[in-house]
Amino acid sequence: AIKSTPKVSVSNFWGAVHIGALFAFFGWAFLSSRFVKAEKMRLLVCFFLIVGASLFWSSFEQQPASFNLFAERYTDRSLGGFNIPTVWFQSLNPIFILLFAPLVSMLWIKLGKRHKNPNSMTKFALGMLLASVAFAIMIMASKMIVAGSASVSMMWLVSSLLFLTIAELCISPVGMSSMTKLAPQGMQGVMMGLWYTSISLGGLIGSISGGYVSAETIGDLPKLFTALTVFLVVCGVLLLVLAKPITNMLSQTDKDATV
């Protein structure tokens, strides 16, 4: 059986170090007199984006774990007499990025010209909601297997990976750009380092949650995908709720700083 047994001793230690460093930095920044109010508001936005990114990456890391298992054991991979290797499905993400990254970029530019470009937190929320659609698709596919189907069409997995990739395009480049734009003067490098910490934390959480899935526990897959779907919807809605008031506070502090 395919099963990944999580090794959480060392990983948990470094995960705790990353979390501690993240909260220690932002705690110091919010209490420090080094930064003015406007800078602290920008740092608050950075904090929300980093936390949101960590949660997204934790779900994104299901690709080499539960998604890979699903492709290997429960997906009909035959195409015109050829059996598609499982590892090829891992190539869909970079292929979709090459295809859709220019389109997403053009969309933001077009909306910007119309003064309708969403702020970074709204884009993050959109990414979370798109990722939830990806896992909702996998809920339906995995329930078919639990109900007795030997395998399901590969289009379930392909469409799920498509939504997950578009979600990534709403989060990853936006997050990196926001870190440099919102960081206080001279701290762009620090903020970029903290941004990459979110990827590390997300990978750790994803490996732990996905590592307990095995071919013998296929009945657990719908539960895992349902939990991730609900989790992402809640995070996305929370970011949407916070986006407008935080953006308004950020605009107000910027105005106060220039008075």
| query | What's the lysine pair count for region 86-240 at a Cα cut-off below 20 Å, pairs eight or more apart or interchain? | reply | 6
| query | Between Glu72 and Val36, how many nm apart are label points set 7 Å from Cα along the C-beta direction? | reply | 5.7
| request: Please give the helix 221-258 orientation as an angle from the longest Cα principal axis of the chain, in degrees from 0 to 90, rounded to the nearest 10. | output: 10
| query | Using 7 Å Cα-to-Cβ label points, what is the Phe82/Phe13 separation (nm, one decimal)? | reply | 4.7
| said: Could you tell me which residue out of Leu126, Val233, Phe60 lies farthest along the dipole of the chain toward its positive end? Charges go on the beta carbon: Lys and Arg +1, Asp and Glu -1, centred on the Cα centre. | reply: Leu126
| request: Using per-residue counts of other Cβ atoms within 10 Å, averaged over each peptide, order 53-59, 30-36 from highest down. | output: 53-59, 30-36
| field | region 58-129: trypsin sites (Lys or Arg not before Pro) in DSSP loop, at most 12 other beta carbons within 10 Å | value | Arg114, Lys116
| message | I'd like the orientation of helix 120-146 relative to the chain: the angle between its Cα long axis and the longest Cα principal axis, in ° from 0 to 90, rounded to 10. | response | 10
| message | Based on alpha-carbon centroids, what's the gap between region 123-177 and region 66-110 in Å, whole number please? | response | 11
| request: Give the residue from Val17, Phe100, Gly186 lying farthest towards the positive end of the charge dipole for region 6-257; charges sit on Cβ (+1 for Lys and Arg, -1 for Asp and Glu) and the dipole is referred to the Cα centre. | output: Gly186
| said: I need to check one value: relative contact order of the chain, counting alpha carbon pairs closer than 8 Å and at least 6 residues apart, in percent. | reply: 38
| request: Determine the gain in length on full extension of the stretch Gln185-Lys113; use 0.36 nm per residue of separation and subtract their C-alpha separation, reporting nm with one decimal. | output: 23.2 nm
| Dipole-positive endmost among Ile50, Val146, Gly206 within region 6-257 (Cβ charges, Cα centre) | Ile50
| task | Within 10 Å, count the other beta carbons around each residue, average over each peptide in 185-198, 229-242, and list them highest first. | result | 229-242, 185-198
| remark: For the chain, longest principal axis from Cα atoms; helix 154-182 axis from its Cα atoms; angle between them, nearest 10 degrees, is 20
| What value, in deg cm²/dmol to 500, does the helix sum -39500 (n - 2.57) over DSSP H runs of n ≥ 4 give at 222 nm once divided by the residues of the chain? | -26500 deg cm²/dmol
| note | region 6-257 -> Rg/Rh from Cα coords, Kirkwood Rh, value 1.02
| region 150-192 residues near the modelled Ser251 label - backbone nitrogen below 20 Å, point 7 Å along Cα→Cβ | 178, 181-183
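All of the numbers you see were taken from the coordinates with simple rules; none came from a lab. Computed from a predicted model, the values in this text were never measured in an experiment. Note that we place each Cβ from the backbone using ideal geometry, even for glycine, and neighbour counts take in every protein chain shown.
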